[in-house]
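What follows is calculated from the coordinates using simple rules that are stated; it is not laboratory data. As the structure is a prediction and not an experimental result, all values here were calculated from the model. All Cβ positions, glycine included, derive from the backbone under ideal geometry; neighbour counts span all protein chains shown.
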Amino acid sequence: NTALKFNVSHDPSYFLMGMIYAKRNEWEKSISYFEQATQYGSYNPYYRMNLAVAYYQVDNFDKSAVEAKRTLELKENYTFAKILLIKSLIRTNKKEAWFYVQSLMEKKTDSVNVYPLYIQLLFEFKNNYTEIIKELGKKGNLSITEKRYLAYSYSRENDFIKSSNFFKQIINAEKDSEEDQNTYLKILVLQNKDLEAERYATSLIKYNPSKK
């Protein structure tokens, strides 16, 4: 702040103040400083990237996407900006997010971070359950999120045996949501496993009386 008293257009000082508030998770305050930094240092991609991150943190996904795109105009191969852009677009424009994620998949760019977004869009945007089963079937050490995608994908493809197997893994890991519980119960009924469904429903009521 002292530097700003002598030079109100000193963009590095605005950026530094923005970083200080960002590290404290005070994102609204960091945004005001990052905005000033981009105003006086408009050609610095790192200023815009941090502003995009801050907007994302406060759920302003439209502005996050705008700043991520501006970052890429300044630094074309900034992979982190591309990934943040896709994450923001997933919340606002899945069709455009799909365009970007396909491009990164074709270039095999940062597959560790891009692949989960690709699978997410296959499920949420393309509804391509067969492709999800094919892709994740090649993978070992599946995460809970990946097991959830498989559980629902098998369910949508009417393979209830495999679907229930993945739901069991999610439930046993105590990572199940209410939607998971309801879907698993429905699958048990569809398989005519009435006794197992009754036992499961009873266990849900026992640990959550509000489900009576």
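Observations, loosely collected:
- FRET efficiency, E157 to L195 (Cβ-Cβ, R0 30 Å, nearest 0.05): 0.75
- With θ taken as phi - 60° and the Karplus curve 6.51 cos²θ - 1.76 cosθ + 1.60 applied, the whole-hertz 3J(HN,Hα) list for the stretch 176-184 is 7, 9, 4, 5, 4, 4, 5, 5, 4 Hz, x standing for glycine and proline.
- Ordering L89, A54, S42 by Cα displacement along the dipole of the stretch 38-140 toward the positive end leaves L89 in first place; charges were set at the Cβ atoms of Lys, Arg (+1) and Asp, Glu (-1).
- Here's the list of lysines a cross-link from K175 could span, going by alpha-carbon distance under 17 Å and ignoring same-chain residues fewer than 8 apart: K147.
- Cα-based Kirkwood hydrodynamic radius, the stretch 83-164, one decimal, Å: 13.1 Å
- Summed over qualifying helices (DSSP H, 4 residues or more, each -39500 (n - 2.57)) and divided by its residue number, the chain shows a 222 nm mean residue ellipticity of -24000 deg cm²/dmol.
- Compared with the dominant principal axis of the Cα atoms in the chain, helix 79-92 is inclined by about 60°.
- Of all the options K126, K175, K69, the one that moves most in a Gaussian network model of the chain with Cα springs shorter than 10 angstrom is K175.
- Hz values of 3J(HN,Hα) by residue in the stretch 102-117 - Karplus curve (6.51, -1.76, 1.60), Gly and Pro given as x: 4, 4, 5, 5, 5, 8, 6, 8, 6, 4, 4, 8, 7, 4, x, 5
- Radius 10 Å from Cβ of L136, net charge of other residues (Lys, Arg +1; Asp, Glu -1): +1
- D (Stokes-Einstein, µm²/s), Kirkwood Cα radius, the stretch 14-119, 1.306 mPa s at 10 °C: 115 µm²/s
- Mean-position separation - Cα centroids, the stretch 119-193 and the stretch 25-91, in angstrom: 34 Å
- 3J(HN,Hα) couplings calculated from phi for the stretch 199-207 with the Karplus curve 6.51 cos²θ - 1.76 cosθ + 1.60 (θ = phi - 60°) are, in sequence order, 4, 5, 4, 5, 5, 5, 5, 4, 8 Hz; Gly and Pro show x.
- For the chain, the fraction of alpha-carbon pairs in successive 5 Å shells from zero, as %: 1, 7, 12, 13, 13, 10, 11, 9, 8, 6, 4, 3, 1, 1, 0, 0
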